[in-house]
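In what follows, a structure is listed as structure tokens, so that the remarks can point back to it.
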Amino acid sequence: MKAVVFSRYGGPEVLEVRDVPEPKLGPESVLVDVRTVSVNPVDWQIAAGHLDSRFDVRFPVIPGWDVAGVVAEIGPTVTEFAVGDEVIGYVREDSIGRGTYAERVAAPLRTVARKPMNLGWEQAAAMPIAGLTAYQSLVRTLRVGPGDTVLIQAAAGGVGSFAVQIAVAMGARVIGSASDRNHDYLRQIGAEPVAYGPGLNECVRALTPQGVTAILDMYGGQTLTSSLDLLSDESKGRVVSLTNDGILEQGGTFVFARPSKADLDQLTRMAESGVLTPEISTVMDVTDAAEAFRLSQTGHVRGKIVLRVMGRLSAAIH
Ligand SMILES: NC(=O)c1ccc[n+]([C@@H]2O[C@H](COP(=O)([O-])OP(=O)(O)OC[C@H]3O[C@@H](n4cnc5c(N)ncnc54)[C@H](OP(=O)(O)O)[C@@H]3O)[C@@H](O)[C@H]2O)c1
């Protein structure tokens, strides 16, 4: 089969389309014919070598952890899915090598769930990692609900756009940081927008003088440190960082999203009930993955970048 691969660490230029061996289907896995994938910052961070100390990496690496597609074959123990089922997945294992930017991927059962019936292939692929990260941070870890006022940093991005909608669905009041051009979008999905950068704390205090009861951070550094002052006295420690494990020393929690069929099922139900709508800014062919990496690296994508896979790789010149 064909896949996008990289054979050495580097920037977007290391990506190429190549013939690679078909994935072998383990007993607890399903083989997925890939329709669409979405781009996450971790995809280009891995290609740049940033996760080398945390994962065994086997070159050539097929990038990508998000997928939406159709089950083509099931492992001998699988009873949860049948051939032809439409699924979504966060197909991460404990090593890196066989990702989703490919014609087919073998997905362990714990990584896949039923695709929301009301979403097309592009919106479906946008959901797994960003949706799970937001859900596991806000619902499983911070347990936000009515009475909470949550500050979500980078609220218009991939994770942020899911996080706002999930926190609103849980009954929380949401304040979200983004640049001005995204403030109308944040209002549409139920957040009160504030500009990030100098003056952020003052803007948040103007909206909620008593402070916030929980924070979801995606930037670390000074953005995170200074925002901790915004937590009300009874809410100290109710902070999740997605980028800075130093938050543990401040009493907060570092979340690294984990593949979870149960949590993906929950996101599927939320999408089907209309409370969660994936935001897509750009759709490209997977053969333009290098361009998609560059776009993601700007750090100013609203929602998600999605790549179409089916039928695109076989036509690629390599
Ligand atoms: N630990 C985990 O499991 C996990 C999982 C997913 C993601 N992450 C990490 O979390 C971060 C966000 O991921 P993502 O997928 O949401 O990224 P993303 O989609 O690339 O985020 C882009 C958004 O960030 C906003 N932004 C840029 N600079 C900002 C700043 N200084 N303050 C606040 N917002 C800013 C942009 O808003 P404007 O366009 O309005 O500027 C844009 O909407 C990344 O670092 C990613 O690696 C971690």
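The values are calculated or read from the model by the stated rules, or taken from the named source; none is laboratory data. Note that the structure is predicted; figures quoted are calculated from it, not measured. Here Cβ is always computed from backbone atoms with ideal geometry, including for glycine, and neighbour counts include all displayed protein chains. To get the accessible areas, we keep the full protein, side chains included, count just its heavy atoms, and leave off ligands, DNA and RNA. Shrake-Rupley method; radii C 1.70, N 1.55, O 1.52, S 1.80 Å.
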Practice prompt. Rank P21, P128, P108 by mean-square fluctuation in a GNM of the chain with C-alpha springs under 10 angstrom and give only the top-ranked residue.
Written response: P21
Discussion item. Run the reach check for K304 against aspartates and glutamates, Cα to Cα strictly under 12 Å, same-chain hits fewer than 8 apart removed. What comes back?
Written reply: D66, E122, E279
Discussion item. What is the distance in Å between the Cα centroid of the stretch 1-51 and that of the stretch 191-260?
Written reply: 33
Practice prompt. May I ask for the percentage of alpha-carbon pairs in the chain that lie more than 35 Å from each other?
Written response: 19
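If r is the Cβ-Cβ distance from R143 to A206 and R0 is 30 Å, what FRET efficiency results, to the nearest 0.05? Don't jump to the answer; show the numbers that get you there.
Working: r = 27 Å, r/R0 = 0.90.
Taking R0 as 30 Å, the efficiency between R143 and A206 is 0.65.
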Discussion item. Below 10 angstrom from the Cβ of Y185, what's the summed charge of the other residues (Lys, Arg +1; Asp, Glu -1)?
Written reply: +1
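Ignoring ligands, DNA and RNA, what percent of the 1.4 Å accessible area of the stretch 231-318 is carbon and sulfur? Walk me through the intermediate numbers first.
Numbers: 1960 of 4280 Å².
On the stretch 231-318, the fraction of accessible area on carbon and sulfur atoms equals 46 percent.
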Response to the item:
Heavy-atom accessible area of F59, protein chains in place, probe 1.4 angstrom, given in Å² to nearest 10, is 90
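Just to be sure I understand: of the beta bridges DSSP finds with both ends in the chain, what percent are antiparallel, rounded to 5? Walk me through the numbers on the way to the answer.
Working: 29 of 53 bridges.
Just about 55 percent of them are antiparallel.
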Worksheet item: What is the distance in Å between the Cα centres of the stretch 82-131 and the stretch 271-307?
Response: 15
Fill in: On Cα atoms only, tilt of 261-272 relative to the major axis of the chain in degrees
70
Worksheet item: Taking K24 as the anchor, which lysines have their alpha carbon closer than 19 Å to its alpha carbon, excluding any fewer than eight residues away along the same chain?
Response: K2
Fill in: Crossing angle, helix 158-169 versus the chain [Cα axis fit, 0-90 degrees, rounded to tens]
60
Discussion item. Check which residues have an amide H placed less than 5 Å from V212's amide H, if you skip close sequence neighbours.
Written reply: L231, S232
Worksheet, complete the sentence: Counting only residues 5 or more apart in sequence or on a different chain, those whose built amide H sits under 5 Å from that of R35 are A68, G69, V70
Response to the item:
With Rg from the Cα atoms and Rh as the Kirkwood inverse mean 1/r over Cα pairs, the stretch 1-141 has an Rg/Rh of 0.96
Worksheet item: What accessible area per residue, rounded to a whole number of Å², is obtained for the stretch 130-254 using a probe radius of 1.4 Å?
Response: 40
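Averaging over every viewing direction, what projected area does the convex hull of the Cα atoms of the stretch 130-254 cover, in nm²?
It is 6.4 nm².
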